[in-house]
Amino acid sequence: MNWIKSKMGSQGWDITDDDVKKPSVLFLGPMRYAHQEMEDFQEYFVVKFHEGNRDDLIRRLKKGKYDGFAAIVWNSQDPSLSFKVDKELVSYLPASLSLISIPAAGYNNVDVEACTARGILVTNTAGVVSAATADTAMFLMLGCLRHFSQGQTVLREGSWKNQGMPKGHDMACKTVGILGLGGIGKAIAKRATAFGMVVNYYNRTRVDIRVEAEYNAQFVAYETLLRESDVIVVCVPLNSSTRHLIGAAQFEKMKTGVVIVNIARGPIIDEAALVAALDSGKVSSAGLDVFEFEPKVHEGLLKHPRCTLLPHMGTFTEETSLDMENLTIRNTKNYLMHGEKKNAVNKIENAKPLETMMTDSVDISKLSLTLQG
Ligand SMILES: O=CC(=O)O
């Protein structure tokens, strides 16, 4: 039975299967793990997959191929789909579209303001990425403090550690400054405490003191975090106020020999300034999972022996991919069926009326049935 029928049925309308059509949802990029959730989803929605780049998508949108679609699931992690859902693209989305659901925590590729103006809710999967991303941060921290990447390179080149390699540093008793104590920041705080580190954090808004106590995290001013940290971990989302949050002026204030770790988004750090700080010795090493112009990586980082570099692998595990896909599908279903906005990153006051989300068929406008806002 489909959901519109059950909604209508519950309101006493006498609806047959023939009267009812399922709303359509466009999937950009494949769902590789969430087989069970997809099966369930297809009972209620028509699923269409689109493969192709931004131009293909715009061409199809202009031709009206996706008119009447209710939602888009946007796999922005897929390299072919990592283009921007910018103002121009949003302007081509059909009037029926009420949701863009993203299987990622970071939604910097989507012009959320433009979506809000068109009444389109945007959801992410922030809740399920924390553990895998925090594990990645710990790997980078350890790698940097102990020079493990350098050790691996030396070994692969047929040498051994005592042939010119500097000794590393223990994690215990080092001060880690977490820039952004959200879900990922908290997961890092927990792990850093287990390693015996002192945990400081900076947020625009200080978290509740009970949360601070739970995570052993002490709130400090941004300047203090820059000045007193042995390791700085970047965990804030990318937006216009966090772009180049760390640049030459900030490196200047840091301890000489500081370690920089970034598992959030590349453009939060001015990469050229980071390379200069590495070259001058101000920054002893950098552990980076994200890059300012990824997948392109600054030459100065690539050739730097004291950098540990990963190709954006923070959530690149089978388990977390499954959790992200499942949550993305659930976010879509819950909003379209129940108006639930649990993982929304923007505010939409009124959900679009149900009838505008139908691909065709039954004229339910007479029934004045709308989704809960
Ligand atoms: O980078 C990964 C994410 O945003 O989830």
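If each residue's Cβ is checked for other Cβ atoms within 10 Å, how do Arg54, Arg210 rank with the fewest at the top? All intermediate terms of the calculation are to be shown ahead of the outcome.
On the way: Arg54 16, Arg210 8.
Lowest to highest Cβ neighbour count: Arg210, Arg54.
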Note to self: Could you sort the peptides 127-137, 306-316, 220-230 by per-residue average Cβ neighbour count (10 Å cutoff), highest mean leading?
What the structure shows: 127-137, 306-316, 220-230
Item checked: Candidates per chymotrypsin sites (Phe, Trp or Tyr not before Pro) in the range 92-191, loop by DSSP, up to 11 other Cβ within 10 Å -> Trp160
Notebook entry, point to check: Calculated FRET efficiency, Lys347 and Ser82, Cβ-Cβ r, R0 22 Å, to nearest 0.05?
Noted result: 0.25
Next item on the list: Once you have the Cα-Cα distance between Tyr222 and Ala172, take 0.36 nm times their residue separation minus that, and quote the gain in nm to one decimal.
Entry: 15.7 nm
Margin query: Run lengths n ≥ 4 of DSSP H only: what is the helix-derived mean residue ellipticity at 222 nm for the chain, with -39500 (n - 2.57) per run over all residues, to the nearest 500?
Written below: -9500 deg cm²/dmol
Next item on the list: Determine, for His304, His35, the number of other Cβ atoms within 10 Å of each Cβ, and report the residues in order from fewest to most.
Entry: His35, His304
Check: So which lysines can Lys333 reach, going by Cα to Cα under 25 Å and dropping same-chain residues fewer than 8 places off?
Finding: Lys5, Lys7, Lys21, Lys22, Lys48, Lys65, Lys84, Lys341, Lys342, Lys347, Lys352, Lys366
Checklist line | Value of relative contact order over the chain, rounded to a whole percent, pairs C-alpha under 8 Å and six or more apart | finding: 19 percent
Check: Just in the range 162-207: which trypsin sites (Lys or Arg not before Pro) are loop by DSSP and have at most 10 other Cβ atoms within 10 Å?
Finding: Lys167, Arg204
Check: How long is the gain from Lys65 to Glu43 if the chain were fully straight, where each residue apart is worth 0.36 nm and the alpha carbon distance is subtracted?
Finding: 5.7 nm
Notebook entry, point to check: Once you charge only the Cβ atoms, +1 for Lys and Arg and -1 for Asp and Glu, what is the size of the charge dipole of the range 129-309 about its Cα centre, to the nearest 20 debye?
Noted result: 240 debye
Check: Considering only the range 129-309, what is the antiparallel percent among its DSSP beta bridges, to the nearest 5?
Finding: 5 percent
Next item on the list: Return the percentage of antiparallel bridges among DSSP beta bridges fully within the chain, rounded to the nearest 5 %.
Entry: 5 percent
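Quote to one decimal, in nm, the extra length available between Gln36 and Glu51 on full extension: 0.36 nm per residue of separation minus the C-alpha distance between them.
3.2 nm
No value in this document is a laboratory result; all are computed from the given coordinates. What you see is a predicted model, and the numbers here were worked out from it, not measured in a lab. Note that each Cβ is placed from the backbone with ideal geometry, even for glycine, and that neighbours are counted across all protein chains shown.
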